[in-house]
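*Asks:* Got a structure for you, written out below as structure tokens; questions coming shortly.
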Amino acid sequence: MTQDELKQAVAQAAIQYVVENEIVGVGTGSTANFFIDELAKIKHKIKGAVASSEVTAARLRGHGIEVFDLNDVTSMSVYIDGADEITEQGAVIKGGGAALTREKIVASVAKQFICIADGSKLVNMLGKFPLPVEVIPMARAVVIRKLNAIGGDARLRVKDGVPVLTDNGNIILDVHGLQINNPAELEAEINNIVGVVTVGLFARQGANICLLGTEDGVRILQF
Ligand code: 5RP
């Protein structure tokens, strides 16, 4: 199976976790896009969605799914999103698509974070994927120094020669070379650096369930 077929398989499997007549939280990225396309098939059964990015909101609306402002939503059963890396313990690196802050906010409202990923995302230790950190632009240099002081190699994310800006107008630093032995501790440490908006570690509130696409079918990991 191709990686896209594995993503498609987990996106389909995630539909069973969507609660009828409710609002569902929706992530960002290629796997989340497959999920949105599946969600469109049952859109008459849900109230609507909260999006974790402008791109996701546009795709949801394109399918005729109503997009709610998170400020108007008090509870949500599930948040469904992809991952850049995930451990057998449910700690996740996210932010490859620069949507980490809104992803973490929407996930924090949901009772369950259902992570959907192809099998290549499962790792023994987080950190091979450079850890994304959303940062206030004026704090770029000081935050780079502080991230490097804890053993990383923080680099400004650039695309087509210009810094990538998040939906919130901030920059992304990708921290290379970290071996993340204690994700929850590192999450707190990096979030504590002044100028950091959010680190893309989801460990203190990680995934509750991961649907992992493998050649042998969709593997369900419960945490
Ligand atoms: C976006 C994310 C994505 O969920 C993550 O990058 C995985 O993306 P994909 O499903 O395309 O592999 O965190 O900020």
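The values are calculated or read from the model by the stated rules, or taken from the named source; none is laboratory data. Remember, predicted model here, so these are calculated numbers, not experimental data. When we count neighbours, we look across all protein chains shown, and the Cβ atoms used for this are built from the backbone with ideal geometry, even at glycine. We work out accessible area using only protein heavy atoms, side chains counted, and drop any ligands, DNA or RNA first. Shrake-Rupley method; radii C 1.70, N 1.55, O 1.52, S 1.80 Å.
*Asks:* Working carefully through the options Ala110, Ala58, find the one that is open to solvent by less than 20 Å² (accessible area, probe 1.4 Å), at pLDDT 95 or above and among the hydrophobic types (A, V, I, L, M, F, W, C).
*Replies:* After applying the criteria, what remains is Ala110.
*Asks:* Still on this structure, please answer the following. Answer with yes or no whether Ile105 is in contact (Cβ under 8 Å) with a residue 24 or more places away in the chain, farther than 16 Å from Gly200 by Cβ and β-branched (Val, Ile, Thr).
*Replies:* Against the criterion (in contact (Cβ under 8 Å) with a residue 24 or more places away in the chain, farther than 16 Å from Gly200 by Cβ and β-branched (Val, Ile, Thr)), Ile105 does not qualify.
*Asks:* Assess whether Phe129 counts as being within 12 Å of the ligand (Cβ to nearest atom), over 19 Å from Gln12 (Cα atoms) and open to solvent by 30 Å² or more (accessible area, probe 1.4 Å).
*Replies:* Yes, satisfied.
*Asks:* Just give me the residues in the stretch 1-16 being more than 16 Å from the ligand (Cβ to nearest atom) and open to solvent by 60 Å² or more (accessible area, probe 1.4 Å), in sequence order.
*Replies:* Selection gives Gln16 alone.
*Asks:* Would you mind stating whether Ala83 is of a type in the set (A, V, I, L, M, F, W, C), free of Cβ contacts under 8 Å to residues at least 12 places away in the same chain and within 16 Å of the ligand (Cβ to nearest atom)?
*Replies:* Answer is no for this residue.
*Asks:* Among the residues of the stretch 17-37, which ones are open to solvent by 10 Å² or more (accessible area, probe 1.4 Å), more than 13 Å from the ligand (Cβ to nearest atom) and hydrophobic (A, V, I, L, M, F, W, C)?
*Replies:* Of everything in the stretch 17-37, those that are open to solvent by 10 Å² or more (accessible area, probe 1.4 Å), more than 13 Å from the ligand (Cβ to nearest atom) and hydrophobic (A, V, I, L, M, F, W, C) turn out to be Val18, Val19, Ile23.
*Asks:* Same structure, new question: Considering only residues of the stretch 159-187 that are open to solvent by 30 Å² or more (accessible area, probe 1.4 Å) and of a type in the set (Asp, Glu), which is nearest to Arg102 (Cα to Cα)?
*Replies:* Here the residue is Asp167.
*Asks:* Moving on. Picking from Val78, Val73, Val106, which residue would you name as being among the aliphatic types (A, V, I, L, M) and either under 20 Å from Val197 (Cβ atoms) or within 12 Å of the chain's Cα centre (by Cα) (or both)?
*Replies:* Val106
*Asks:* Here are some conditions: (1) open to solvent by 10 Å² or more (accessible area, probe 1.4 Å); (2) at pLDDT 95 or above. Gly213 meets all but one. Which one does it not meet?
*Replies:* Just one mismatch for Gly213, condition (1).
*Asks:* May I ask you to verify whether Ala49 is among the small types (Gly, Ala, Ser), away from the ligand (no atom under 13 Å from the Cβ) and surrounded by fewer than 16 Cβ atoms within 10 Å (Cβ to Cβ)?
*Replies:* no
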